[in-house]
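**Q** After the structure tokens below, expect a handful of questions from me.
We did not get these values from a lab; they are worked out from the coordinates using the rules stated. Just so it is clear, the model here is predicted, and its values are computed rather than measured. Cβ: placed from backbone, ideal geometry, glycine included. Neighbour counts: every protein chain shown.
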Amino acid sequence: MGQEQEHTAFDPEQTRQWSEALEELYQEFRSRSRAALKEYDEEDVHQARVSARKLLTLLQVLDPDEQTGLYRPIKQAQKRFGRVRDADVLIGEFKGLRKQAKSEGRDAEATLFKRMAKLEKEERRGQRKKLSRKLPKIVNKRLDRQWQAFLDESLPELAAEADVRGSLRELRDDYRKRRHFYQVTAEREGPHSDAALDALHQVRIAAKRCRYTAEAAAFALDDKQLQVAERFKGIQKQLGEVNDRHVRIQIAEEYGPEALDADEESWQAFRNRLDEELRAALAEVGEL
């Protein structure tokens, strides 16, 4: 009984550390959210999404049962920013690929990337409108009051109960399970199959969760555990290259040759090149 009381006893220093880490992220999230709605600046959108993701990471450790009611609205905001950010990234990527293809004399391919960028701009326009319409209903003074009540009333008890090391162990176990599933799927379906690539994307997501948890809750971990963040950062980057190329193919297929105004020969050459780039990225993946 005494041990249980010791475990749940409030620690002012521990609460302070959690409060400072959380408040810094929340203020960044709020300021970037306001700025992003004014001019949709790409960096503001990106940082609003990143700070939201880190907040969600810490809330999952502190409040796994979602008693505070904060996880859902911040997750909704993160999704809205994410859809705009994804379009921003793709537009920049397609513009860069167009420029590269043009410089290498692949004019037909350059034209296709130009058209993909144009279509993605239309997608972004729609996502920006949704962001402007929906975000003020999610991130507002009501959420600020809810957040302040969480810091003042709920945090001390939640911080006393939080088990960052245990959460990180669970996330690493989840990563290993997803890695195993990918390996089995790649062996059964082939490493270039959609099933294997989707499974590999889940490995990347699991690595990202491990990294963000270790980074966001660094104050509660030792040096050895912080090395986890660096390891998973490298894995996330490698698998991100693969996922980017897979997404590129999926978007091209979704638009199709008709929307991109491509003849059969140009389309086939374009698709073959995208497949080659995906295979090259997969070949660069090291030990997971």
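**Q** Taking DSSP loops as anything outside H, G, I, E and B, show the longest stretch in the chain free of GluC sites (Glu not before Pro) there with at most 14 other beta carbons within 10 Å.
**A** In the chain, the maximal stretch lacking such sites is 105-283.
**Q** Summing -39500 (n - 2.57) over the DSSP H runs of n ≥ 4 in the chain and dividing by its residue number, what mean residue ellipticity at 222 nm do you reach, to the nearest 500 deg cm²/dmol?
**A** Computed ellipticity for the chain at 222 nm equals -29500 deg cm²/dmol.
**Q** Further question: Show which lysines lie in cross-link reach of Lys121 when reach means a straight Cα distance below 27 angstrom and same-chain residues fewer than eight apart are skipped.
**A** Hits, sequence-local ones excluded: Lys38, Lys75, Lys79, Lys95, Lys99, Lys102, Lys129, Lys130, Lys134, Lys137, Lys237.
**Q** Considering only the other residues whose Cβ falls under 14 Å of the Cβ of Lys38, what net charge follows from Lys and Arg at +1 and Asp and Glu at -1? Numbers along the way, then the final one.
**A** Values: positive: Arg30, Arg32, Arg34, Arg128; negative: Glu39, Asp41, Glu42, Glu43, Asp44.
Computed value for this residue: -1.
**Q** Tell me, what ³J(HN,Hα) does each residue in the range 112-117 have, in order and in whole Hz, if you take phi through Karplus 6.51 cos²θ - 1.76 cosθ + 1.60 with θ = phi - 60° and put x for Gly and Pro?
**A** 3J(HN,Hα) across the range 112-117, in whole Hz: 5, 5, 4, 5, 5, 5.
**Q** Mind listing the phi-derived Karplus ³J(HN,Hα) values for the range 24-35, rounded to whole Hz, using 6.51, -1.76 and 1.60 with θ = phi - 60°, and x for any glycine or proline?
**A** So the Karplus estimates, Gly and Pro as x, are 4, 5, 5, 5, 5, 4, 5, 5, 5, 4, 4, 5 Hz.
**Q** Something else: For mean projected area of the Cα convex hull in nm², the choices are [x] 23.1; [y] 18.9; [z] 17.8; which was calculated from the structure?
**A** [z]
**Q** Additional query: Would you compute the Debye intensity of the range 12-162 from its alpha-carbon atoms alone, equal scatterers and no solvent, and pass along log10 I(q)/I(0) at q = 0.11, 0.17 Å⁻¹ to two decimals?
**A** So the normalised log intensities work out to -0.52, -0.91.
**Q** Oh, and also: Can you pull the Rg over Rh of the range 163-288, Cα-only, Kirkwood? Can you show the working numbers first?
**A** On the way: Rg = 17.7 Å, Rh = 16.0 Å.
When Rh is taken as the Kirkwood radius, the ratio is 1.10.
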